[in-house]
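One structure is given below, encoded as structure tokens.
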Amino acid sequence: MALNSEQEIIIIGAGAAGLMAADALSRAGKKWIILEARGRIGGRIFTVHHGNSFPVELGAEFIHGRPRVTWELLKRFRVKAVPVPSSRWRLGEGGFKQDLNSWGKLSQALSHLRVRKKDRSFAQALAEMKISAPVKEMAERFVSSYHASDIHKISANDLAFQQEAAGESAMEGYRLPKGYGDLLENLAALLPSRAIQLNQKALQIRWSRSQVEVLTQKSRFKAKRVLITVPLGVLKSPGALVFRPALRDKEAALKKLEMGLAARISFVFSQPFWRNAPPRNLSGFFQAEEADIPIWWTGLSPDSPVLTGWLGGPRVLSIGSRNWFMRRGLESLSRVFGLDGKYLKSKLLKVYFHDWSLDPFSLGAYSYCGVGGMSARKDLARPVEKTIFFAGEATDISGEASTVAGAFYSGLRAAEEISHIQ
Ligand SMILES: Cc1cc2nc3c(=O)[nH]c(=O)nc-3n(C[C@H](O)[C@H](O)[C@H](O)COP(=O)(O)OP(=O)(O)OC[C@H]3O[C@@H](n4cnc5c(N)ncnc54)[C@H](O)[C@@H]3O)c2cc1C
């Protein structure tokens, strides 16, 4: 087993948080290496390219609003973000209709949430709200899908906090013409490539104050400090990454944070057939609540032949297979557009699917706070003995947790903590 002992800091994980931290540490004159389990950088940002034509996202796709950290990166790399059409469509009797009211009603419902001394689940908070049954159902579906959460577990206090933290731009969405991966590739291109070691799955971290030894499946690395950016799902999974001695102080925080579940499927068709059917200007998000896969959106440009379906929350666990998604996805679309299933299949060129709950280096999609877990992100983020540091979306306390922006912010925060050690 080779021993590498030159660097001050070992960063575990080359996702948004790890790369952002590495960039900030380089600028602070620190020497680091990244150990990444996968054969690629990006983590839950996973852009693949459909031939030479267009990017398809298997993980994060949207920039939610205008988080400063992300927009500064876009500026730095001269990447132009494309706004997602704000129109939303709903399938009802008589076909598609522009969904003009429901977002307003939904944000009104969520604005009823307040941080209370005694936390409760969103399901409990919703039961107490004086709003109509259809709006309740809408709010339930939204929190389950968007936060990939179980509404009986997710903290109403944390949702209230996020609502307050979200600026006016929070409902705006943007995409990147070359895919989200492009942003991370730009970032990684600034870093010494030999310092990013792929296919290095960290198995064990042995540590004492200012001394760390990381064992991977093929090497041993030594440094003064380690920055952990692996997803919450990995941290919560017994034995996935072993600390010696164990991090007892983190156990309570890990119990109070939950890893959300989501799966997405993208169908690439030979042509955007939906543009020949009413409504001809269908673009952006559309919902078909009765369908197995209820949330869909169109591709980057109006001519893009891609439709993406989304399922979030605990239902994902009971389904989860690619075949199920493919079959039910096509059934959902044939129902939505009133088209014959065989016809749709004949127009299908390719299917892209990734099950994040089964991905061993993620074990879920993104984090959410359980009841009573408002301080858990902060507790998880707190460094241990000036030796073990934490970043990653689950440790973000800026109000952007669960997102790429939250991961970026957490990487900056951890780099600053490390840089300030004497
Ligand atoms: C389906 C899906 C859709 C999403 N959509 C959006 C969206 O539209 N907008 C948005 O802002 N966010 C979205 N997100 C969330 C966003 O992708 C994440 O919040 C963000 O990418 C997390 O970055 P991170 O650096 O914290 O973690 P990661 O990107 O997961 O990086 C952690 C890295 O650690 C590595 N690792 C794990 N275990 C080990 C080990 N033992 N040894 C070494 N390395 C290890 C992993 O391989 C990974 O590369 C989505 C996520 C998913 C799954």
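Derivation of every value follows stated rules applied to the coordinates shown; laboratory data play no part. Since this is a predicted model, take the numbers as computed values, not measurements. Neighbour counts run over all protein chains shown; Cβ positions are idealised from the backbone, glycine included.
Tilt of helix 404-419 relative to the longest C-alpha principal axis of the chain, in degrees (0 to 90, nearest 10)?
For helix 404-419, the angle is close to 10 degrees.
For an R0 of 30 angstrom, estimate the FRET efficiency from the Cβ-Cβ distance between Asp303 and Arg68 and round to the nearest 0.05. Provide the component values of the computation, followed by the final result.
Working: r = 33 Å, r/R0 = 1.09.
Plugging the Cβ-Cβ distance into 1/(1 + (r/R0)^6) gives 0.35.
Can you divide the C-alpha Rg of the range 225-353 by 2.2 N^0.38 Å and report the result to two decimal places? Don't skip to the end; give the middle numbers.
Numbers: Rg = 19.8 Å, N = 129, 2.2 N^0.38 = 13.9 Å.
That ratio works out to 1.42.
Angle between the Cα long axis of helix 156-165 and the longest principal axis of the chain, 0 to 90 degrees, nearest 10?
Once rounded, one gets 90 degrees.
Taking the range 341-403, which trypsin sites (Lys or Arg not before Pro) meet the DSSP loop condition and have no more than 16 other C-beta atoms within 10 Å? Kindly include the intermediate steps, with their values, before the conclusion.
Working: sites: Lys342, Lys345, Lys347, Lys350, Arg377, Lys378, Lys386; in loops: Lys386.
Sparse-neighbourhood loop trypsin sites (Lys or Arg not before Pro): Lys386.
Amide H neighbours of Arg88 under 5 Å, counting only residues 5+ apart in sequence or on other chains, H built in-plane at 1.01 Å?
Hits under the 5 Å cutoff: Asp99.
When the expected Rg is taken as 2.2 N^0.38 Å, what fraction or multiple of it is the alpha-carbon Rg of the range 102-169?
In units of the globular-protein estimate, the range 102-169 measures up at 1.00.
Under 5 Å between amide hydrogens, which residues at least 5 positions from Ile34 or on another chain qualify, with H placed 1.01 Å from N in the peptide plane?
Residues meeting the criterion, in which the H sits 1.01 Å from N, are Ile11, Ile196, Gln197.
If you count, for each residue, the other Cβ atoms within 10 Å and average over each peptide, how do 251-261, 208-218 line up from highest to lowest?
Details: 251-261: 19.9, 208-218: 14.9.
For the peptides 251-261, 208-218, the packing ranking is 251-261, 208-218.
Fewest Cβ neighbours within 10 Å first, please rank Phe337, Phe77, Phe122 accordingly. Numbers along the way, then the final one.
Details: Phe337 21, Phe77 14, Phe122 28.
Listed from fewest to most nearby Cβ atoms, that is Phe77, Phe337, Phe122.
What FRET efficiency do you get for Arg88 and Trp324 if R0 is 22 Å and r is their Cβ-Cβ distance, rounded to the nearest 0.05? Don't skip to the end; give the middle numbers.
Details: r = 26 Å, r/R0 = 1.19.
The pair Arg88/Trp324 has a calculated efficiency of 0.25.
Stretch Ala127-Asp182 to full length: gain in nm at 0.36 nm per residue minus the Cα-Cα span? Please report the intermediate quantities before stating the final value.
Details: separation 55, 0.36 × 55 = 19.80 nm, distance 4.31 nm.
Full-extension gain reported as 15.5 nm.
If each residue's Cβ is checked for other Cβ atoms within 10 Å, how do Leu339, Leu232, Leu91 rank with the fewest at the top?
On the way: Leu339 16, Leu232 27, Leu91 22.
Taking fewest neighbouring Cβ atoms as first place, the list is Leu339, Leu91, Leu232.
Whose amide H sits under 5 Å from the amide H of Thr216, counting only residues 5 or more places off or on another chain, with H placed in the peptide plane?
When sequence neighbours closer than 5 places are left aside, the close amide H contacts are Leu203, Phe221.
Based on C-alpha coordinates, I'd like the Rg and Dmax of the chain, in Å.
So, for the chain, Rg and Dmax equal 21.8, 68 Å respectively.
With no solvent and one point on each alpha carbon, what is the Debye value of log10 I(q)/I(0) for the range 163-260 at q = 0.12 Å⁻¹?
Taken in order of the listed q values, log10 I(q)/I(0) reads -0.64.
Along the principal axes of its C-alpha atoms, what lengths does the range 348-396 span, in descending order and rounded to whole Å?
53, 28, 15
Spin-label point model (7 Å from Cα, Cβ direction): what's the Ser237 to Lys97 distance in nm?
Using points 7 Å along Cα→Cβ, the separation is 4.5 nm.
Mind pulling the angle between the C-alpha long axis of helix 16-27 and the longest principal axis of the chain? Nearest 10 degrees, somewhere in 0 to 90.
With both axes taken from Cα atoms, the answer is about 40 degrees.
Based only on other Cβ atoms within 10 Å, what is the fewest-to-most ordering of Asp355, Asp396, Asp340?
Asp340, Asp355, Asp396
Pulled fully out, how much extra length does the chain show between Lys118 and Gln204, if you take 0.36 nm times their separation in residues and subtract their Cα-Cα distance?
Numbers: separation 86, 0.36 × 86 = 30.96 nm, distance 3.80 nm.
Difference between extended and current length: 27.2 nm.
Within 12 Å, Cβ to Cβ, of Arg315, how many net charges do the neighbouring residues add up to if Lys/Arg are +1 and Asp/Glu are -1? Kindly include the intermediate steps, with their values, before the conclusion.
Working: positive: Arg141, Arg328; negative: Asp150, Asp292.
My count for the surroundings of Arg315 gives 0.
Mind checking the log10 I(q)/I(0) for the range 295-368 at q = 0.24, 0.27 Å⁻¹? Debye, one equal scatterer per Cα, no solvent, two decimals.
Summing over Cα pairs of the range 295-368 leads to -1.24, -1.39.
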